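The values are calculated or read from the model by the stated rules, or taken from the named source; none is laboratory data. These figures come from a predicted structure and were not determined experimentally. We place every Cβ from the backbone using ideal geometry, glycine too, and count neighbours over all the protein chains shown.
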Ligand SMILES: Cc1ncc(C[n+]2csc(CCOP(=O)(O)OP(=O)(O)O)c2C)c(N)n1
Ligand code: SF4
Ligand SMILES: [Mg+2]
């Protein structure tokens, strides 16, 4: 009898997502679902959804959820985790959400070493609102608000969130991963699982940045978007483990 | 025998699976549209599927189940 070697994670609902064709949010959701399944966390999970394309994550992952105001997910997660320390609490946030309007919340949650996990989806753009430039938009990258390309003179420099958080003592784990090739997907899965494990073991704030394609607002086919991510994003946002606690699985 | 089963009506035709398949047997079917209006991904030569599930790992829409 044939054995099923790959299928939908149990913690994900059997529904169609609203995401555009080739959007990496769908892959990242699945990795979250797989990690929740493997660590048997779903029944005690409270997710915190952002504002952005992934706001509807609560319709796709079958756990409890709260939807936070724009950028405030780490503050909401802090309150939930402190009130209910036995729950597993994660946020899922875009780069507009986390690195623009939510800059204060993420930095201070990290500095406090809150025992929460943050999945940070960096697609270098405001996806949901139609492709405006984000703090993570690359120099030279065009967007609706930088139609001739971002310039450092006019728009400043893109923020490297992992590098910035890595100056703080609070975080237990900081990694940046990508999901544009199968090998990167497998690596990203390990990082997300490890970040969840950090929280389970009470090690404090764990953070995974996932470089993610937004083919629609980048104006590319999904396959070209993967190449752009590889050639343009990764040189500025290197995929690596910045901090891993000793002994974590 | 390994097989990748595509839930075709869920496919958005993004093509990420086509680049992931090491044996090159996953393609978008340019001859028709699925119920969502996309050219769906299909397996051309089912005999050659080795069940590696790399196509499924790249699919953002959980279209693919793999059996081995
Ligand atoms: C207080 C507030 N300000 C602005 C907005 C408009 N807004 C909605 S989503 C968004 C940015 C989303 O970008 P990102 O977080 O990168 O998520 P993506 O859609 O790219 O995944 C903005 C500015 C809002 N909803 N609420
Ligand atoms: S706009 Fe971009 S981030 Fe939003 S669903 Fe479409 S591809 Fe994904
Ligand atoms: Mg974004």
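Below are the figures for this structure:
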item: Filter result for the condition that a residue is touching a residue at least 60 places away in the same chain (Cβ under 8 Å) and under 30 Å from residue A:78 (Cβ atoms), over A:113, A:130; result: A:113
item: Residue match in region A:5-16 (condition: without any contact (Cβ under 8 Å) to a residue 40 or more places away in the chain, part of a helix (DSSP H, G or I), in contact with a helix residue (DSSP H, G or I) (Cβ under 8 Å, 6 or more places away or on another chain) and more than 29 Å from residue A:218 (Cα to Cα)); result: no
item: Selection count where residues are within 14 Å of ligand 3 (Cβ to nearest atom) and closer than 15 Å to residue A:237 by Cβ, scope region A:126-160; result: 8
item: Residue within region A:108-119 that is buried (at least 19 other Cβ atoms within 10 Å of the Cβ), closer than 30 Å to residue B:15 by Cβ and within 16 Å of ligand 2 (Cβ to nearest atom) present; result: yes
item: Condition broken by residue A:139, with the remaining ones in (1) within 15 Å of ligand 2 (Cβ to nearest atom); (2) away from every other protein chain (no Cβ under 14 Å); (3) touching a strand residue (DSSP E or B) at 6+ places or on another chain (Cβ under 6 Å) satisfied; result: (1)
item: Meets criteria (within 14 Å of chain B (Cβ to nearest Cβ), at pLDDT 95 or above and within 14 Å of ligand 1 (Cβ to nearest atom)) for residue A:127; result: yes
item: Which listed residue is at the interface with another protein chain (Cβ under 9 Å from one of its Cβ atoms) and assigned to a helix (DSSP H, G or I), from B:55, B:17; result: B:55
item: Top-ranked residue in region A:22-58 [being within 15 Å of ligand 1 (Cβ to nearest atom) and part of a loop (DSSP other than H, G, I, E, B); ranked as farthest from the other protein chains (Cβ to nearest Cβ)]; result: A:51
item: Region B:24-42, residues that are away from chain A (no Cβ under 13 Å), out of contact with any strand residue (DSSP E or B) (no Cβ under 6 Å at 6 or more places or on another chain) and in contact (Cβ under 8 Å) with a residue 24 or more places away in the chain; result: B:42
item: Residue in region A:59-76 that is touching a residue at least 60 places away in the same chain (Cβ under 8 Å) and either within 16 Å of ligand 2 (Cβ to nearest atom) or not in a helix (DSSP H, G or I) (or both) present; result: no
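To keep it simple, each residue is scored yes or no on (1) surrounded by fewer than 19 Cβ atoms within 10 Å (Cβ to Cβ); (2) touching a residue at least 24 places away in the same chain (Cβ under 8 Å); (3) within 13 Å of chain B (Cβ to nearest Cβ).
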residue: A:154; (1), (2), (3): yes, no, no
residue: A:183; (1), (2), (3): yes, no, yes
residue: A:188; (1), (2), (3): no, yes, yes
residue: A:213; (1), (2), (3): no, yes, yes
residue: A:217; (1), (2), (3): no, yes, no
